[in-house]
1. Could you identify the single residue in Gly436, Gly421, Gly468 that is of a type outside the set (Ser, Thr, Tyr) and in a strand (DSSP E or B)?
2. Restricted to the stretch 1-60, and to residues that are polar (S, T, N, Q) and buried (at least 17 other Cβ atoms within 10 Å of the Cβ), which residue is nearest to the chain's Cα centre (by Cα)?
3. Of everything in the stretch 144-176, what is among the charged types (D, E, K, R) and farther than 16 Å from Ala50 by Cα? Give them in sequence order.
4. From the list Val346, Val332, which residue is over 29 Å from Ala84 (Cα atoms), of a type in the set (Val, Ile, Thr) and touching a strand residue (DSSP E or B) at 6+ places or on another chain (Cβ under 8 Å)?
5. Going by the structure shown, is Asp196 over 19 Å from the mean Cα position of the chain (by Cα) and under 18 Å from Ala230 (Cβ atoms)?
6. Against the definition (touching a residue at least 12 places away in the same chain (Cβ under 8 Å), in a helix (DSSP H, G or I) and either surrounded by fewer than 17 Cβ atoms within 10 Å (Cβ to Cβ) or among the β-branched types (Val, Ile, Thr) (or both)), how does Thr66 come out, yes or no?
7. Only one of Ile146, Ile136 is β-branched (Val, Ile, Thr), farther than 20 Å from Ala36 by Cα and touching a residue at least 12 places away in the same chain (Cβ under 8 Å). Can you tell me which?
8. Is there a residue being under 14 Å from Ala186 (Cβ atoms), open to solvent by 30 Å² or more (accessible area, probe 1.4 Å), among the hydrophobic types (A, V, I, L, M, F, W, C) and assigned to a strand (DSSP E or B) anywhere in the stretch 77-87?
Amino acid sequence: MKTVHHWIDGKSVEGTSGAYGPVTDPATGAVTTRVAFASAEEVDAAVAAAKAAYATWRTSSLATRTGVLFRYRALLDAHREELARLITAEHGKVHTDALGEVARGLEIVELACGITTQLKGELSTQVASRVDVAAIRQPLGVVAGITPFNFPAMVPMWMFPLAVACGNTFVLKPSEKDPSAAIRLAELAAEAGLPDGVLNVVNGDRTAVDRLLEHPDVAAVSFVGSTPIARHIHTTASAHGKRVQALGGAKNHMLVLPDADLDAAADAAVSAAYGSAGERCMAISAVVAVGGTGDELVAKIRERAEKVRIGPGDDPASEMGPLITRAHRDKVASYVHGAAAQGADVVLDGTGFTPPPGYEEGHWIGLSLLDNVPTDADAYRDEIFGPVLCVLRAATYEEGVALINASPWGNGTAIFTRDGGAARRFQLEVEAGMVGVNVPIPVPVGYHSFGGWKHSLFGDLHVYGNDGVHFYTRGKVVTTRWPDPADAGVDLGFPSHK
């Protein structure tokens, strides 16, 4: 059986803790790999390697850093298919989704390639007689990233390329459920010429996470995951004096106004709710139908959802794959099983899905659609993280926005309408960090920043874009006064002004 080890100081390092975790093929349910779990001492070794590398990497020229990143970008592009296959094998998402994940991660590598512009400082001359003031940005030191299972390549690439471009060194703790993509990213970085110790990967569970949060040589922590864990990460790391950006969960709403193109809205709802089996923090999990649009919209969503082809991710015909684990599959199913008793209309029940022949032991579930869902139902209150779409009704635009703003989360949201005035009001009035207008999943491009509001983000700065650069650097202001050479009484050929 394949074993995934750690990547420390530029090489694969076998685990020494004696603890391992299973990595499962979600389509078959079979354990295909084991992953070594790091002890606190192994985390310390990774941090020590990063600290040693920082001494020289921080002083490396911008040309050196960008040269490595340009080569890295080329290698990632050449290995797209390989990375996508690793993602599909351990996460289960279909190949096209996996390729899309790699492409979105590449956007941030491309942003990092242009770090020379992002790190330009500011200068004010002659603020007083012979006094200049300059503002510069410098790296933090050793920084850490803790990433989720649902995007095992993209989310790490949201973090470490920018961090190392800014002059930091990095310790990554990927999800133990699908760790192979992260190790391959590190191998390719070394092939691109990234010096030993600049990027390290330690696999593991809470032992590894907690050690990173408390380690005195880790200056900052980036995290993406569920809200309870994000809150813990933020609280614990902050208590140990670290800078933290911790992105949590979501319950993303899509407001559909009576003037909307309902066919376009239904297409968007199906792709946004059920794509990647709903295992993404930007999935649309609640549609708010305004006025009399609800019945027709639900019918159109149902018609499309019933045609989605579910199967193994490596089958080109598949449009949705399995869930990551059997336990998660059963948890998602429980929300559908309990929906009717809590007042919802179960339009589609995907819990009885029959898997393809030969895949009976996989973590399969079909698409579920719940209508007229009460706001106090578990299916609405909780982040399900699976292919379950809730539809709620609102009499007016104002009622719909109030419903969305009452949610404790504020990650992403969308409005579907032909009315520019309504869309403008929505983008100003809705309480969420990312807003789509006739765009169901408004994930920003790499040169803008990704992050939500309320319980979807703990910390001040979002991921990547300008916020990412600012997170991985700290500002310094230098005030300088040089006396005129003639003032020193030394004749350097300058005319005297006395």
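The values are calculated or read from the model by the stated rules, or taken from the named source; none is laboratory data. Bear in mind the structure is a predicted one, so any value in this text is a computation, not a measurement. Cβ sites come from the backbone with ideal geometry, for glycine too, and all protein chains shown count toward neighbours. Accessible surface areas use protein heavy atoms only, side chains included; no ligands, DNA or RNA. Shrake-Rupley method; radii C 1.70, N 1.55, O 1.52, S 1.80 Å.
1. Gly436
2. Here the residue is Thr24.
3. If the condition is that a residue be among the charged types (D, E, K, R) and farther than 16 Å from Ala50 by Cα, then Glu176 is the only one that fits.
4. Val346
5. Against the criterion (over 19 Å from the mean Cα position of the chain (by Cα) and under 18 Å from Ala230 (Cβ atoms)), Asp196 does not qualify.
6. yes
7. Being β-branched (Val, Ile, Thr), farther than 20 Å from Ala36 by Cα and touching a residue at least 12 places away in the same chain (Cβ under 8 Å) holds for just one of Ile146, Ile136, which is Ile136.
8. Taking every residue of the stretch 77-87 in turn, none turns out to be under 14 Å from Ala186 (Cβ atoms), open to solvent by 30 Å² or more (accessible area, probe 1.4 Å), among the hydrophobic types (A, V, I, L, M, F, W, C) and assigned to a strand (DSSP E or B).
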